[in-house]
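In what follows, a structure is listed as structure tokens, so that the remarks can point back to it.
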Amino acid sequence: MENKECVDAVSIPFGFRKIVMTSDNGLLLNGKRITICGVAKHQDFEGMGCAPICEQLDQDMALKKETDANAVRLSHYQHPYYFRFNAFNYFIKGYQQNERTI
């Protein structure tokens, strides 16, 4: 704020989820029974290593979503923030191996 005027703003989407696991109903997300169908993310673009461009990451997420996956495991190394942040638009959960849940 400068002179009571906003000069910068950041918008971060978020949501609240209720997750319950029961022996008779299995996994419930916000009261709805779900099955986790996961895939793993690897270096899939020749010559790009672990530095693909955003369009390639979007293509990768869309291809994974076509398999009806609702979770993705980010394998073996730190993945770009763009992929980790946007994984929530495609999947229920993203998991960074050997680091933390995102």
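Any read-out appearing in this document is the output of simple, stated calculations on the displayed coordinates, not a laboratory observation. All figures in this text were calculated on a predicted structure; none of them were measured in a lab. Quick reminder, even Gly has a Cβ in these numbers, built from the backbone with ideal geometry, and neighbours come from all protein chains shown.
Numerical summary
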{"item": "Segment 39-95 - residue that is in a helix (DSSP H, G or I) and of a type in the set (A, V, I, L, M) and, of those, surrounded by the fewest Cβ atoms within 10 Å (Cβ to Cβ)", "result": "Ala62"}
{"item": "Residues located in segment 6-38, provided they are among the aliphatic types (A, V, I, L, M), in a loop (DSSP other than H, G, I, E, B) and surrounded by 11 or more Cβ atoms within 10 Å (Cβ to Cβ)", "result": "Ile36"}
{"item": "Residue pairs meeting the criteria (Cβ under 6 Å; at least 6 apart or on separate chains; first under 18 Å from Glu55 (Cα atoms), in segment 73-86; second outside any helix (DSSP H, G or I) and of a type in the set (A, V, I, L, M, F, W, C))", "result": "Arg84/Ile102"}
